[in-house]
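Worksheet: the structure to be examined is printed underneath.
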Amino acid sequence: MKDPTVSIVVPAYNVERYLNRCMDSITNQTYQRLQIILVDDGSTDGTGRLCDEWAERDDRVKTVHRTNGGLAAARNTGLEQVTGQYILFVDSDDWIAKDAIGLLLENALENQSDVVSFDLQPMNSAGEFPRKYVVSRDFPQIKMSFGKDCLEQLYSRHINNYVWCFLYKTEFLKENNISFNGNIRFLEDALFTNKVLRCVHLVSYYGTKPLYYYFMRSDSLTHKSGTAHAQDGLTVVKQILDESDLEQESPAFFDYIINLLFFVELKFGNRRDLSAYKSRKQIKCIIRRLLNIVPFFSLSKTNRIKILLLRSGCFGVARTIKHGLDTFKVILFRGEKGYGSVC
């Protein structure tokens, strides 16, 4: 039997400074049977030219140019080009360990898993490791997780939301018709990962070392405010709720949703326009809906405080708390890093 091909989807928007580092890490993998799909999402710098140069020098690389539509839409474009048996997403300002593909593929084949979860290592612009995050606390001891248990691992923050912290079996994504919502530009990873873990039979875990290097850029959309992104976040939360059986969900699920709502509120910044007002009313309605099901005091102390802040309109206090929650942002959420100029 021929060795499987791994398709790597790399969406790229205005990353001329970072793309070569990313592509060097991919093309120099110890496992060489790769299909590399570069999606230039309407870049206005030299990114598109670099993508074409990579396609010319390496016949495993295919470049697709498209009109700017955001990270989720670019990833969907990449998915349409996939021919490999496994899929990995890599953001164009990040990079992967030299043996990442080989180790992940070995894990997937050995465990016959649909999805393999693995660890990341954040890095800043000075090349320092400001913190080390493993995917989990309990998951490394579990090694494998089945069905509903996978979602509980996500809600308990034992698995990341980030789509690039998983190797996916292509057949699994296609059979379950899983793709990105191309209209969403914020919290699109959370929505995709919820879809994956609701359908997956088996997730295995590789935890010997981090395999993904996440570049913490100061101009990432994770650090920016905006009503449009906050509204996208609300859309994501509503869709996750609509696809859930709330009466059967665990306390960890409700903590997870409240964390999402709190992060959405932080995206509004100091806005007091009509759109922000309507969206904040929606947040309060969602909270009332949750509290009709789960007792207030069954939630974590932190999330009880968040609910009080959100319901009372103390958004200034919430934004002050935000500065002490960098861990929360990196572990649970992913904005369109690498898409810093999209508005």
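The values are calculated or read from the model by the stated rules, or taken from the named source; none is laboratory data. This is a predicted model, so every value here is computed, not measured. Using ideal geometry, Cβ is built from the backbone for each residue, glycine included, and neighbour counts are taken over all protein chains shown.
Structure data summary
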{"read-out": "Test for F186: is it in a loop (DSSP other than H, G, I, E, B) and at pLDDT 80 or above", "value": "yes"}
{"read-out": "Boolean, K278 is among the basic types (K, R), within 19 Å of the chain's Cα centre (by Cα), part of a helix (DSSP H, G or I) and outside the structural domain of L191 (by TED's automatic domain parsing)", "value": "no"}
{"read-out": "Hits in the stretch 1-36 (condition: among the aliphatic types (A, V, I, L, M) and touching a residue at least 40 places away in the same chain (Cβ under 8 Å))", "value": "V6, I8, V9, V10, A12, V15, L19, I26, L34"}
{"read-out": "Filter result for R157 (charged (D, E, K, R) and at pLDDT 85 or above)", "value": "no"}
{"read-out": "Restricting the stretch 99-130 to residues that are among the hydroxyl-bearing types (S, T, Y) and touching a strand residue (DSSP E or B) at 6+ places or on another chain (Cβ under 7 Å), the residue that is modelled with the lowest pLDDT", "value": "S117"}
{"read-out": "Criterion: closer than 24 Å to D149 by Cα, crowded, with 19+ Cβ neighbours inside 10 Å and under 26 Å from the mean Cα position of the chain (by Cα) - qualifying residue of L260, L310", "value": "L260"}
{"read-out": "Failed item, numbered, when V203 is tested on (1) at pLDDT below 90; (2) closer than 23 Å to D255 by Cα; (3) assigned to a strand (DSSP E or B)", "value": "(1)"}
{"read-out": "Where a residue in the stretch 292-309 is on the phi > 0 side of the Ramachandran plot and its partner, wherever it lies, is modelled with pLDDT of 85 or more, with Cβ under 8 Å and at least six apart", "value": "none"}
{"read-out": "Top-ranked residue of the stretch 22-56 - restricted to ones that are charged (D, E, K, R) and outside any loop (DSSP other than H, G, I, E, B), ranked as surrounded by the fewest Cβ atoms within 10 Å (Cβ to Cβ)", "value": "E56"}
{"read-out": "Options G78, G46, G70, G84: the member that is in contact with a Lys or Arg (Cβ under 6 Å, 6 or more places away or on another chain) and in contact (Cβ under 8 Å) with a residue 24 or more places away in the chain", "value": "G70"}
{"read-out": "Condition check for N181: touching a strand residue (DSSP E or B) at 6+ places or on another chain (Cβ under 6 Å), among the polar types (S, T, N, Q), assigned by TED's automatic domain parsing to the domain that holds A12 and modelled with pLDDT of 85 or more", "value": "no"}
{"read-out": "So G84, is it at pLDDT 95 or above and over 23 Å from R17 (Cβ atoms)", "value": "yes"}
{"read-out": "Residue among D58, D91 that alone is within 15 Å of the chain's Cα centre (by Cα) and touching a residue at least 12 places away in the same chain (Cβ under 8 Å)", "value": "D91"}
{"read-out": "Number of the condition not met by M216 [criteria: (1) under 29 Å from T67 (Cβ atoms); (2) surrounded by 21 or more Cβ atoms within 10 Å (Cβ to Cβ); (3) not aromatic (F, W, Y)]", "value": "(2)"}
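So that you can scan it fast, the table gives a plain yes or no per residue for (1) part of a helix (DSSP H, G or I); (2) within 20 Å of L197 (Cα to Cα); (3) not assigned by TED's automatic domain parsing to the domain that holds S145:
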position	(1), (2), (3)
R75	yes, yes, no
E80	yes, no, no
T83	no, no, no
L88	no, yes, no
K98	no, no, no
P122	no, no, no
S125	no, no, no
